[in-house]
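This report refers to the structure that appears directly beneath it.
The values are calculated or read from the model by the stated rules, or taken from the named source; none is laboratory data. What you see is a predicted model, and the numbers here were worked out from it, not measured in a lab. Reconstructed Cβ throughout: ideal geometry from the backbone, glycine too, with neighbour counts over all protein chains shown.
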Amino acid sequence: MINRKITLLGPEGTNLYILLQFMLFSVISWFTLFSSVESIEFEASNILTRQIIFSLIGIIVFFLTTYLSIENLFNLINSLFLLSISVLFGLLFTTPILGVRRWYDLEPVGLPIFIQPSEFSKIVLVLFVAKMLSQKSYKLLAISGVLVNLFLIFIQPDFGTTMLLLIVTSLMFFISDIKMRSAVLGLLILFLSFFILLEFNLLGDYQISRITDFFIGDDFSQNQSRLSISSGGLFGTYFTDSQITEVFVPVQTTDFIFSLYSRNFGFFGGLLLITLWIVFFFRVNRIIKLTQIEFEKYLLSGLLILLGVQIFINLFTILGFIPLTGIPFPLLSLGGSSIFSTAIIFGLINRVFIENNIVV
Amino acid sequence: MFNQLRLKFTFVAFFILLVFVLIDIFQLQTREFESTSQIIDRQNLDKFYIAAPRGEIFDAKGEKIAETKLEPHLFINMRKITNQNSSNYRQVIQYNFPTLSIKEINEIFESKDILHFVINLSSVEYEVRNNLLTNFDAFLIIDLPIRSYIKNELFAHAVGYLGIPNQEEFDQFKNAIGNNQVGKNGLERYYEEYLSGIPGELIFSGSDIVDSKQPIPGKDLYLAIDSSTQLVTKESLQQGIDLANKSFELQNEIKRGASVVLDIETGNIVSMVSLPDFDPNKFVSGISDFEFKQLDRDQAFNNFAIQGLYPPGSVFKVVAYWLALSENIFPEGLNNKDAKYDCEGSLSFGFDDGSQQVYNDWKIEGHGKVDLTDAIKQSCNVYFWDIALNIWRNFGNSYGESILQEYSKELGFSEKTNVDLPFEKVGIIPDRDLFEEWKVSRPGLVREEGWLGGDLMNLIIGQGAITTTPIQVANAYRTLLTGVNLSPTLNINAQKITNKKINVSDEFILFLLKDLNTVTNKGGTAHASFSILGNKANDIGGKTGTAQNAGDKNNTSWFVGVDSVSNPKYIIATVVDEGGSGSAVAAPISRRIIQHLLEYELTPVEFGEITE
């Protein structure tokens, strides 16, 4: 293992490309939010100010993650996973907020924030699966770990994150040497278990109504978000004075932010953002091919899959292809937990770059 | 083993999905662009605002002064009213709410609103509400805040009142449109954005509510005012005004007055009363036009403590007192504060242009031999006129002639005190420049020659063109006793503004306190008003003022008091418009307030001695 000197910009050889990409996405988010705030006042209630503060803290989180070597990380994973499982388990004993046990309220210890542990347990789960897969004959342990984790998120209840992690972990198993036969079998079991859950009334009314409403009729917010995207045209309304009145979209700064982005920057804006992500994927994929360490291959692919599936679920939701999920668009949506967890992902990727001596 | 091929396969699948997404977005933004804009134009999403509960206001002891209660209001969703069910709803309303007139009910059914207010349900039984909600889906109950001022008139001017916003206020306060209510005056106005909260919203698409946002309550305000001090201040001022009406035979009834108590150390306002006052609750339920006009005619809506402009008379002499000691300028021939000047009751003097004039003191027989202390104690005008003459002879028509005005401005006269209340007035400290300006802008007001030595002599005893507000006077005394001119504030958490820092030595402060002390003791102008306190008056200080007014208006009665000269805590400034001699009316009012502040037994306001 290479020992790295610690410099002001993280360990020696920090990959500026990853940092640049992180900041670029953040700035795009600021511009998008700028159009929905009426004034730029520097106060905590202003969403733009908050997002800028979150992004800046995100950069610190990025560097802190970078200091952790892959070897140390590898050794830490088991404890991290146990911690993550216990934190998720602890949620069962909190008082529900808006009917779900999804957040820790830090008000009693003097911090006016809510922490959503599932944002961070996503990453830990990917780390755990990557470790298990890179060590032969640990697959059964991996599967049981994943199932416990998913179950704890499912009963919060958080159907969207459960589906997200189900797809992500399935894909991670898929890219290992698992036999196609077992892969198909696994999918069948999952499909069946969904109906078993339905049968035993284990899905909350809320989730069922979300799904049934989706098939019965149009969801108001998804309709509105399609209108909002459409009203952007090819070039968007940000630089030209639009003749079209603004469209009302609920929670437009968080889950539905891509509809606001599309309205502002049009088709070409959307294309630009997607292209930036594709470039990022290509870049990381090259390291996956390059590195000789199995764990690093699984880790990077797992993180890319996690980001990719989040983006797809978000886009599918706002385009009305699937029911409402509550999955944010990484680095574009307003919200601290999402930004910090994405910063950790970027930091981990950066660390793998460093250890493979890929500079700039 | 890691399967690179399957990863590639995964990414290719991602790419294909992405292409589908992009095709969909492209179609939306090109082919459907035109139809979208039409849909959006047709789409009438309507917003209905729910007023946010205003922050409450508490006094220094945590007693509530202004509160906000949420009361259920019945609304009817007019988009769910059809020709078929309209008569049905009409009957339900008539049956359940017999207090509503036919005209009011007609108004509801003719309205073009989405939601129309029917009635406040707070006194309606729960079963009735429940029945309305479950059986009639056009009904909706929304909790709306109702403001009430628990102490009624007592805090009218400090707290202010609410009203329906006008166009200017819609532009200025972003929550005004949703709350449909805005602070019109007082703290309600000054802290509008802090108190108002953020209104909630109901979003309607057609007749359905498609989204909603809860209102966010405003923040609470904590005042330095103590309700009991405020009450004593108001009672004392009212007693003093009644007394003045009884004692003088005047054409005009005396109605107006103000009193302010400042905490010397912090600059906090401990009480603030202006009379006549009004009940701010009347604005909540709606005030009648007649009542409004009557109050307006009495100038009840003016807070004279910060908006009343009065010549300060002799209470202004402390400025010259400070100037004399700082600059060593005393009457002609004297060179220190203890040197005696022979006051013969009048001063005759000549100016460079050869004119000869005689000024008469209020005490025709004269004050005899006086030093600076005696001049303050007995309010001897001649002594101060001679200081003015001295300034004029030395600096007249030169750069230094405005030295008195500069000292006044250091103490905050003719400038905002930055009190946390809106519409503060600043008053006037006249000088040569102002008179030149007035010659053009207000011809006839000043004589052709402009600023003369006589004007300076008037100014030094607080007469002539000078005007001040009671809070300015109180704050000027506070500044002299602390060296820092701070903004006086009602809100204990307000950001204090340091208006100015002045140079006063501890020695000077001791002299000043000692000399203010002589005023309320034997031989002083306010002795008669404080003698009821006996020995206890030994530690109290103050300064009387009686300012002459133009025309047939009676004199303005002033008193500025300090509760203790050994351990000064409070400054009390009291003014009664047309109240006559300061020592007779304003002094006993202040005496009663000081009795309360020092926790002595309260005695009624009694007519003092007419001096000045």
**Study point:** Subset of region B:1-11 [more than 7 Å from chain A (Cβ to nearest Cβ) and either over 23 Å from A:I287 (Cβ atoms) or of a type in the set (K, R) (or both)]
**Key:** B:K8
Review point. Cβ-Cβ below 8 Å, separation at least six or inter-chain, first residue in region B:505-516 and in the same structural domain as B:W322 (by TED's automatic domain parsing), second charged (D, E, K, R): which pairs?
Key: B:F511/B:K337; B:D515/B:K377; B:L516/B:K543
Practice item. Filter region B:303-331 for residues that are surrounded by fewer than 22 Cβ atoms within 10 Å (Cβ to Cβ) and out of contact with any Phe, Trp or Tyr (no Cβ under 9 Å at 6 or more places or on another chain) and give the result. Key: B:L309, B:N328, B:I329
Point to revise | Search result, residues across region A:227-278 that are touching a residue at least 24 places away in the same chain (Cβ under 8 Å), more than 10 Å from chain B (Cβ to nearest Cβ) and hydrophobic (A, V, I, L, M, F, W, C) | key: A:F256, A:I257, A:L260, A:F265, A:L273, A:L276
Exercise for review: State which residue is nearest to the other protein chains (Cβ to nearest Cβ) when the search covers only region B:38-54 and only residues that are surrounded by 19 or more Cβ atoms within 10 Å (Cβ to Cβ) and over 19 Å from A:P250 (Cα atoms).
Suggested key: B:A52
Point to revise | Residue ranges of helices (runs of 4 or more DSSP H) in region A:103-208 with at least 1 members in contact with a His (Cβ under 8 Å, 6 or more places away or on another chain) and modelled with pLDDT under 90 | key: none
Check your understanding: Here are some residues: B:L372, B:L421. Which one is surrounded by 19 or more Cβ atoms within 10 Å (Cβ to Cβ), closer than 24 Å to B:S581 by Cα and in contact (Cβ under 8 Å) with a residue 12 or more places away in the chain?
Key -> B:L372
Revision key, fill the gap. Picking from B:L187, B:L231, the residue that is under 29 Å from B:G286 (Cβ atoms), in contact with a helix residue (DSSP H, G or I) (Cβ under 7 Å, 6 or more places away or on another chain) and not assigned by TED's automatic domain parsing to the domain that holds B:R79 would be B:L231
**Study point:** Single unsatisfied condition, B:F14 versus (1) within 7 Å of chain A (Cβ to nearest Cβ); (2) more than 30 Å from A:E294 (Cα to Cα)
**Key:** (2)
Point to revise | Only one of B:F20, B:F33 that is of a type in the set (F, W, Y) and at the interface with chain A (Cβ under 7 Å from one of its Cβ atoms) | key: B:F33
Point to revise | Flag for B:S212 being modelled with pLDDT under 90, in contact with an Asp or Glu (Cβ under 9 Å, 6 or more places away or on another chain) and within 14 Å of chain A (Cβ to nearest Cβ) | key: yes
Review point. Given the structure, is B:Q239 more than 14 Å from chain A (Cβ to nearest Cβ) and surrounded by fewer than 21 Cβ atoms within 10 Å (Cβ to Cβ)?
Key: yes
Point to revise | Test result for B:K553, basic (K, R), modelled with pLDDT under 90 and assigned by TED's automatic domain parsing to the domain that holds B:N245 | key: yes
Revision key, fill the gap. Those residues of region A:319-339 which are at the interface with chain B (Cβ under 10 Å from one of its Cβ atoms) and not in a loop (DSSP other than H, G, I, E, B) amount to none
Study note, to complete from the structure: Flagged in region A:279-296 as over 23 Å from the mean Cα position of the chain (by Cα), free of Cβ contacts under 8 Å to residues at least 24 places away in the same chain and facing chain B (nearest Cβ under 9 Å), in numbering order, are A:K289
Practice item. State all residues of region B:131-173 that are assigned to a loop (DSSP other than H, G, I, E, B) and not charged (D, E, K, R); if no residue qualifies, say none. Key: B:F136, B:A138, B:I150, B:G160, B:Y161, B:I164, B:P165, B:N166, B:F173
Practice item. Sort out for me the helices (runs of 4 or more DSSP H) sitting completely within region B:1-117 that have 2 or more residues that are within 52 Å of the chain's Cα centre (by Cα). Key: B:33-42, B:86-96, B:102-110
Review point. Which of the following residues is closer than 16 Å to A:S337 by Cβ and not polar (S, T, N, Q): A:L141, A:L147, A:L125?
Key: A:L125
Point to revise | Identity of the residue in region B:282-333, part of a loop (DSSP other than H, G, I, E, B) and charged (D, E, K, R), that ends up nearest to B:V419 (Cα to Cα) | key: B:D298
Exercise for review: For B:G580, indicate whether it is on the phi > 0 side of the Ramachandran plot, assigned by TED's automatic domain parsing to the domain that holds B:L516 and surrounded by fewer than 22 Cβ atoms within 10 Å (Cβ to Cβ).
Suggested key: no
Practice item. Return yes when A:I305 is facing chain B (nearest Cβ under 10 Å) and either out of contact with any Ser or Thr (no Cβ under 6 Å at 6 or more places or on another chain) or modelled with pLDDT under 95 (or both) and no when it is not. Key: yes
Exercise for review: With the checklist (1) crowded, with 21+ Cβ neighbours inside 10 Å; (2) touching a helix residue (DSSP H, G or I) at 6+ places or on another chain (Cβ under 6 Å); (3) of a type outside the set (G, A, S) in hand, flag the one item B:F395 doesn't pass.
Suggested key: (1)
Point to revise | Residues being closer than 18 Å to A:L150 by Cα and free of Cβ contacts under 8 Å to residues at least 40 places away in the same chain - total across region A:84-117 | key: 6
